[in-house]
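Presented below is the structure to which this report refers.
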Amino acid sequence: MANCKRCGRIYNRLRRDICPQCVHEEEEIFLQVRTFLKNHRNANLQELAEGVGVDPDIIVGMIQDGRIILRDNPNISYPCEKCGKPTQSGRLCAVCSAEMVRDLQIASSELSAQKEKSHKGKGFYSR
Ligand SMILES: [Zn+2]
Ligand SMILES: [Zn+2]
């Protein structure tokens, strides 16, 4: 049992963190957004939100999760969470996500270097 993250109702948790009712509602919104995007290629986020009748944040959330992919909708964008530049997919713009990948790589190589050290430090003598 869990509380639905969206409406707060208690439900039998399967795999999503929202209840079946909300899954169904999201599915409807998702289909409407997709149809709207197809029919209004030049619409912006505000027009899309109004056209579908939902909060822009909900739509942005769907784009960030990768459930909605913007291909032919050049006017729909939202600010990157790091630098605030307009982006069309994920939470970060292309520049910031490339930077993050680089930082992660540096961090993980530092981590494995540390592991190596501590292994040597322990000194296993098999005799
Ligand atoms: Zn719910
Ligand atoms: Zn950015």
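Return a whole-number percent for the relative contact order of segment 2-118, with Cα pairs under 8 Å and 6 or more residues apart as the contact set.
Worked out over segment 2-118, it gives 14 percent.
Cα gyration tensor of segment 2-118, axes a ≥ b ≥ c as square roots of the eigenvalues: rounded (a/c below 1.5), prolate (a/b > b/c) or oblate?
Because a/c hits 1.5 or more and a/b fails to exceed b/c, segment 2-118 counts as oblate.
Protein chains only, probe 1.4 Å: how do SER97, SER108 rank by accessible area, largest first?
Result, largest first: SER108, SER97.
Skip the ligands, DNA and RNA, and give the accessible area per residue of segment 2-118 with a 1.4 Å probe, whole Å².
69
How would THR87, THR35 line up by accessible area, probe 1.4 Å, largest first?
THR35, THR87
Rounded, prolate or oblate: which fits segment 1-56, taking a ≥ b ≥ c as square roots of the Cα gyration tensor eigenvalues, rounded meaning a/c under 1.5, else prolate when a/b beats b/c?
Since a/c reaches 1.5 and a/b is larger than b/c, the shape of segment 1-56 is classed as prolate.
Give the carbon-plus-sulfur fraction of the accessible surface of segment 2-118 in %, rounded to a whole number; probe 1.4 Å, heavy atoms of protein chains only.
50
Can you tell which of ARG13, ARG67, ARG34 shows the greatest fluctuation in a Gaussian network model of the chain with Cα springs below 10 Å?
Answer for the Gaussian network model of the chain: ARG13.
What full-extension length gain, to one decimal in nm, is calculated for ALA2 and SER112 as 0.36 nm per residue of separation minus the Cα-Cα distance?
Length gained between ALA2 and SER112: 35.8 nm.
The values are calculated or read from the model by the stated rules, or taken from the named source; none is laboratory data. In this text the structure is predicted, and so the values were computed from the model without any measurement. SASA here: full protein model, heavy atoms, side chains in, ligands and nucleic acids out. Shrake-Rupley method; radii C 1.70, N 1.55, O 1.52, S 1.80 Å.
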